[in-house]
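Data block below; observations after.
The values are calculated or read from the model by the stated rules, or taken from the named source; none is laboratory data. Just so we're clear, the structure is a prediction, and the values are computed from it rather than from any experiment. FYI the Cβ positions are ideal-geometry reconstructions off the backbone, even for glycines, and counts take in every protein chain you see. Just the protein is used for accessible areas: all its heavy atoms, side chains included, with ligands, DNA and RNA removed. Shrake-Rupley method; radii C 1.70, N 1.55, O 1.52, S 1.80 Å.
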Amino acid sequence: MPSLWLLALLAVVAGQQQQPTKPHIVVIVADDMGYQDVGFRDSNIQTPNLDKLAEEGVILENHYVTPACSPTRTSLMSGRHTIRTGFWRGNVKPTEEWGLRLNETTMAEMLKRNGYATHGIGKWHCGMYTWDHTPVKRGFDTFFGLYLGAQKYFSHERSGVLDFRSDYHDENGKFHDDLREDLKGQYNTRLFSDEAVNLINNHEESNPLFLYLSYTAPHNPYDVSKKDVKTYAKDIANKPNKVRPKYAAMISVMDEGIGKVVKSLEEKGMRNNTVIVFLSDNGAVYGSAGAGSNYPLRGGKHSMFEGGIKTVSLVNSPLLNKSGYTNTNLLEVTDWYATFQKMAGDDPTLHGKPQLPIDGEDIWDTISNDSPLGREEVLVNLYLNSMIQSSNAHEFREKRDVEEEEEEVEEEEEEVEEEEEEELEEEEEDNVADMNSGDNFALRWKNWKLITGTFLSQGWIKQNQVEKDTIETNEYKDSSKEKKTKMYKDVTLLFDLEKDPRETDNVAEKNAEVVKIMMDKIAGYKEQMTPVNDWKSSKKGQKGGVWKPWVKRS
């Protein structure tokens, strides 16, 4: 009969075998969420689950993303900066024929080749004009959600066309794109949360899990039930911003779902070996089109001011050596690829697909032990019109659908213009701003922040989106004071963020030597830039009442 100590040892070993040696990874992304719009930043929005994750985890105070949705998501997925991926030009819009290039190795691909089960939920927005650009073709075992960048929350439509699906490969390797018309009328935020819980509950916990939960909340349209507004935002004033209560309720419903995801990890016995990362893809929309608060930061989505690029970010895991504190190291969204690659034990030289150079660093030790990273600079963006090529060719010589007739092109272009007008009505913030502009360059270096060229001008919002916070500055113009977008043209701004975190005082003239040091870095970044083709559009992707890829690869 075995001794008691041996039985105990066997029980311990059996318990250890239930958990993989590699950690489970859960990445949760909010959409256009304000820097201040969480309870732990004294917001009037209810986020108890995020607050708990922050209190028991690590708040990332200087975590930089990009000014818009697609650029951040593609940098997260690839570990590469927008100047390399081609997304330095901005978002990929519904009818446009480009995306995250197929020679890029996505985070899902990298983790899958290291034994991870990989599941994508929610918003993709990395391109979908060919099937090969869609999530299940980019490393995800399954995908549940939308290919595009936004949709109505109950109908799941964009421009009146459905974009909601369950994608997977069956046991014979056949790809399936199951349209989910049966889910019409159900709130997509809750659908995403429920799908995440379902995947966790059915996961074999001895295998490592990668769960990418990418909400559309609180991106517009500001769409939520009256019941949720009454439950979560009845005390939030609707003046001066009438949609602020809806925006708040949308965040609270998302927070409710995050709480369910964490609970399911605990009940499944996976929580102690899970790393949870939460971030927003960019700041809240600034001005009359928005409802979020980036207080006390300046600006918002589409701008290169801090309110557009420094977002709510945190890490929570029992694997952290130190928790319950705020990390102030300079971090950026590309770092997660390198961090998870190290956790997964990936050796890119052992795989057939070459890995392109990544820009991020492994930041786990920095976060887990609050140790210095040593990074001095973060590139916000470099936009050069000279890097836009006049070409009708697709990336990798991809051709249009052979069934398309040439004579349709002129008519189609007119239809695209009409559709773009419809999209602008559906996404009001696009009336205010886009990254598409004149040449510009923005860089964080040590305590300095440089923005130069032609770029969007934005100001400040008081706490909890109460009203505008008028701050007089040299050369300041507010982009929302008039209907037409106001831009800085051929202007150089320099801020000392250590003394001036709100970016109110342009000290470029007083610090010419700093400006020169930072401007001299443009040449090096330009060498790394990927040229892009002129944007080409087609309405073929929305025929038959469903959004789907329309270009066949040659």
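Here the alpha carbons of the range 217-289 define both size measures, Rg and Dmax, at 15.2, 46 Å.
Within the straight-line cut-off of under 18 Å between alpha carbons, the lysines reachable from residue 499 are 310, 446, 449, 510, sequence neighbours fewer than 8 places apart in one chain being disregarded. What the range 72-147 shows is 16 Å² of accessible area per residue, with the surface traced by a 1.4 Å probe over protein heavy atoms. By its C-alpha gyration tensor, with a ≥ b ≥ c as the square roots of the eigenvalues, how is the range 60-157 shaped: rounded for a/c under 1.5, else prolate for a/b larger than b/c, else oblate? Rounded is the answer for the range 60-157, as its axis ratio a/c remains below 1.5. Normalised by the number of residues in the range 56-154, the mean separation of alpha-carbon contacts (under 8 Å, six or more apart) gives a relative contact order of 25 percent. Shown is the FRET efficiency for residue 201 and residue 509, computed with R0 = 45 Å from the Cβ-Cβ distance and rounded to the nearest 0.05: 0.15. What you get for the range 253-370, charging only the Cβ of Lys and Arg (+1) and of Asp and Glu (-1), is a dipole of about 340 debye around the Cα centre. Could you sort out which of 152/462; 93/322; 52/123 sit more than 31 Å apart by Cα distance in this structure? The answer is 93/322.
Under the Kirkwood approximation applied to all pairs of distinct alpha-carbon atoms, what is the hydrodynamic radius of the range 136-264 in Å? For the range 136-264, inverting the mean 1/r across all distinct Cα pairs yields 16.1 Å. For residue 298, the residues 5 or more places off, or on other chains, whose built amide H falls under 5 Å of its own are 306, 307. Legend: residue pairs 137/543; 226/246; 239/468; 301/486, Cα-Cα distance threshold 20 Å; pairs beyond threshold, 137/543. Compute log10 of I(q)/I(0) for the range 104-204 with the Debye formula, placing one identical point scatterer on every Cα and leaving out solvent, at q = 0.22 Å⁻¹, to two decimals. Evaluating at q = 0.22 Å⁻¹ gives log10 I(q)/I(0) of -1.26. Phi-derived couplings, Karplus 6.51 cos²θ - 1.76 cosθ + 1.60 at θ = phi - 60°, listed residue by residue for the range 316-328: 9, 6, x, 7, 5, 6, 10, 8, x, 9, 10, 8, 10 Hz, with x used for Gly and Pro.
Charged neighbours of residue 247, selected by a Cβ distance under 12 Å, balance to -2 (K, R count +1; D, E count -1).
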